[in-house]
Every structure is written in C-alpha cells, then in structure tokens.
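First comes the structure, then the notes that go with it.
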Amino acid sequence: MPLDPQFRAILDTLETSGLVPLVRGDAEQTRAHYRTLSLSRRGPGFVPEEVASVADLRSPGGVPVRVFEPASPGGFTLIYLHGGGWVVGDVETHDPLCRRVANRTGARVVSVEYRLAPEHSFPAALDDAEDVLHWLRSQYPGRPVGVAGDSAGASLAAGLAIRARDQRIPLAAQLLLYPATDPAMTSASITENGEGYFLTRRDMAWFYQQYLPDGTDGAARADLTRADVAGVAPAIVATAEFDPLRDEGAAYAEALAAAGVPATHVFARGHTHTSVTMVDAVLSGAPVRDELARALRGMFKASVPA
C-alpha cells in the first residue's frame, strides 16, 4: 500500500520547505524546530477540541502535568507520555492528541512534562512518570489507571508498566503507539524505512545518544527487547507500515503475547511515524485512532469488577 496521501502531501511540503530532517544542531535547536513544526499545524482560526476542562498542575514531586477531563467521563485515568526522542516535545505539542484521546476513551488524560535528555538522561523521564503514577493512585484510590505514549513516550509507558508490575501496582492497560524498544536499532525496518518518512535512522541514533550516553549502563537498562514482560498490564501496540520503528514494535507485541500478556497489535497500513497521532492534520488516521480508542475503552472496562 502506498504512503497515506495526506501525510505524503505534508512530507512533500516539509521537504520542499527545507524543514526536514528533524534533528537540527544541538538539543535546544532541535526542540525549537520540533515545537515550530508541531504548532504550525494550528493555523489562523484553529480551535482546540473541546473537553470538559484542562488544568496545568504539578505532582507533589514537582513534575508538571496537564490534565484533560473528558466531555463524557468514564471514571478512568490515563497517564500520557509524549513522544520526541526523549529530547523534544512537551504537553503543548501533544495537546490536540490528548484532547482527542480523552474524548474518545472517556479517560481523564494526564499528560506528563517529564525531564528531557541530554540534560536529564535515562532514567530521569521514567522516574518522573513513576512519580505521577504514585500521585494519581493516591488521588483516585480504587479507580483504574492506565499508561500510554507514542514513540519515545511509548517506551517510557512500557517501562512504567514493568515498574508497576515489580511494585505490584495494578494497571488497567498500556497503550503503546509505535514504541521505541531497541537501542541497538537492529530491526529490518530501521533500515528499510530509515530515510524519506520524516523520522530517520540518523535521527534515532542521535536521540539514543542523548538519552543513553556512552559510558553509562542506560542502554542495557532501557533495552525493552531483553525485558522480562511477564505479568505486565494488558497492552495495545500500534505500528505503522512505513515507520522505521515498525518491526521492533511488532516484536514487542509478540513478546508480550508470548509471555501470556493480553496484547492487541494494531497495524496502520499506509502510515508512518507520527501520521496516526497527527489528529489535527492527518484525518485519514481517524479509523486507526478509533480502533485504538475502542480497544483501550474495552481494557479499562474489563479492569472494573462486575
């Protein structure tokens, strides 16, 4: 299947305007570039999707979060960890996506502005996510809590699910959107789709170098391909046909299933990295997003005793 026409048009515009590659110089320059790309999709007249309320708060541990209350609440809470190679992105760049997730699932979405690399390498971001998990469990005792994220954020969500298992903290679900699981970048798709689809192999290598610098044990500790995943929360893993991370995401879904974890793998044909989560630009991703929302709602409801 060819690349989704809507994303193809966006990618062509980015290329002709000199706005790719994503990585530009150092971390600060790359952050500014990514933020400009993300916010540029909200042109004049842009109106954010309406939710019941939005609040910027901090956990008792000092981690900034943005809380989205859905229009029709279902009594669930979802921790959302944004993508961006552990280096870029924030609650503002992922605001449209979190609004959509809240309304489509009925979950209270808590978007975490975790510390970024290289200033804060592994495991700082994961520690921030865990801090928010403990806070939410105290805020909403007995209510189902799940974790979610895209790309680097999906790797953090998976890591948080493993920590929750180790601490015997029940999670209702984990939603992993094209997760980055393999710091060694050994899968076929990282080469097959490593150029020409926005996120490149070179970008990923640079991101990993910031997050897992040489001379530390970060790469071994963050490597989800070697993780013991038995007993983690039920999972939904989404991968995309033209994504460099396609194969490692699929392999993680298979590893979860092999370990006895209920795992649903949603494959987005014609799509690539970020296209499904660009709710304000790639409307053709709606069927995939709806499928993911249905699956997540089902896992939340299944976690509530009859």
(1) hydrophobic (A, V, I, L, M, F, W, C); (2) touching a Gly at 6+ places or on another chain (Cβ under 9 Å); (3) crowded, with 16+ Cβ neighbours inside 10 Å all hold for residue 1 apart from (3)
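Does residue 138 count as assigned to a helix (DSSP H, G or I), of a type in the set (Ser, Thr, Tyr) and open to solvent by 20 Å² or more (accessible area, probe 1.4 Å)?
Values: assigned to a helix (DSSP H, G or I): yes; of a type in the set (Ser, Thr, Tyr): yes; open to solvent by 20 Å² or more (accessible area, probe 1.4 Å): yes.
Judged against the criteria, residue 138 is a match.
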Quick one: count up the residues across region 105-135 that are open to solvent by 40 Å² or more (accessible area, probe 1.4 Å), among the charged types (D, E, K, R) and not in a helix (DSSP H, G or I). 3
Checking residue 286 against (1) in contact (Cβ under 8 Å) with a residue 12 or more places away in the chain; (2) open to solvent by less than 50 Å² (accessible area, probe 1.4 Å); (3) of a type in the set (A, V, I, L, M, F, W, C); (4) out of contact with any strand residue (DSSP E or B) (no Cβ under 8 Å at 6 or more places or on another chain), which test does it fail? (1)
Residue by residue through region 198-208, note down the ones that are open to solvent by 50 Å² or more (accessible area, probe 1.4 Å) and either farther than 16 Å from residue 240 by Cβ or of a type outside the set (Lys, Arg) (or both). 202, 206
Select from region 70-83 the residues that are in contact (Cβ under 8 Å) with a residue 60 or more places away in the chain and open to solvent by less than 10 Å² (accessible area, probe 1.4 Å) and list them in ascending order. 77, 78, 79, 80, 81, 82, 83
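Among the helices (runs of 4 or more DSSP H) confined wholly to region 193-283, which include 2 or more residues that are at pLDDT below 95?
Details: elements: 201-211, 218-222, 246-258.
Because the criterion is at least 2 residues that are at pLDDT below 95, the helices (runs of 4 or more DSSP H) in region 193-283 that meet it are 218-222.
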For region 148-168, pairs from a residue that is more than 21 Å from residue 208 (Cβ to Cβ) to a residue that is aromatic (Phe, Trp, Tyr), with Cβ under 7 Å and 6 or more apart or across chains, are 148/80
Quick one: residue 86 ticks every box in (1) surrounded by 23 or more Cβ atoms within 10 Å (Cβ to Cβ); (2) within 23 Å of residue 274 (Cβ to Cβ); (3) over 18 Å from the mean Cα position of the chain (by Cα) except a single one, so which number is it? (3)
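Select, from 181, 186, the only residue that is open to solvent by 10 Å² or more (accessible area, probe 1.4 Å), under 19 Å from residue 210 (Cα atoms), polar (S, T, N, Q) and not in a helix (DSSP H, G or I). Break it down stepwise before answering.
Numbers: 181 fails: open to solvent by 10 Å² or more (accessible area, probe 1.4 Å).
Selected residue: 186, the only one of 181, 186 that is open to solvent by 10 Å² or more (accessible area, probe 1.4 Å), under 19 Å from residue 210 (Cα atoms), polar (S, T, N, Q) and not in a helix (DSSP H, G or I).
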List the residue pairs whose Cβ atoms are under 8 Å apart, where the first residue sits in region 211-235 and is closer than 28 Å to residue 303 by Cα and in contact (Cβ under 8 Å) with a residue 60 or more places away in the chain, the second is open to solvent by less than 20 Å² (accessible area, probe 1.4 Å) and of a type in the set (D, E, K, R), and the two are 6 or more positions apart or on different chains. 224/182
Return the pair list, or none, for Cβ contacts closer than 7 Å from residues in region 25-37 that are under 18 Å from residue 13 (Cβ atoms) to residues that are small (Gly, Ala, Ser), at least 6 apart or on different chains. 34/84; 34/89
Per the list (1) modelled with pLDDT of 95 or more; (2) outside any helix (DSSP H, G or I); (3) closer than 21 Å to residue 299 by Cβ; (4) open to solvent by 50 Å² or more (accessible area, probe 1.4 Å), residue check on residue 100 breaks on (2)
Per the list (1) under 19 Å from residue 273 (Cβ atoms); (2) hydroxyl-bearing (Ser, Thr, Tyr); (3) crowded, with 24+ Cβ neighbours inside 10 Å, residue check on residue 93 breaks on (3)
Considering only region 21-54, state which residues are over 20 Å from the mean Cα position of the chain (by Cα) and either open to solvent by less than 40 Å² (accessible area, probe 1.4 Å) or acidic (Asp, Glu) (or both). 26, 28, 43, 50, 51
Out of the residues in region 248-266 meeting the condition of being more than 22 Å from residue 289 (Cβ to Cβ) and in contact with a strand residue (DSSP E or B) (Cβ under 9 Å, 6 or more places away or on another chain), tell me which one is least open to solvent (accessible area, probe 1.4 Å). 261
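The values are calculated or read from the model by the stated rules, or taken from the named source; none is laboratory data. Remember, it's a predicted structure, so these values are computed and weren't measured experimentally. Counting neighbours? That spans all protein chains shown, and the Cβs are built from the backbone with ideal geometry, glycine included. Just the protein is used for accessible areas: all its heavy atoms, side chains included, with ligands, DNA and RNA removed. Shrake-Rupley method; radii C 1.70, N 1.55, O 1.52, S 1.80 Å.
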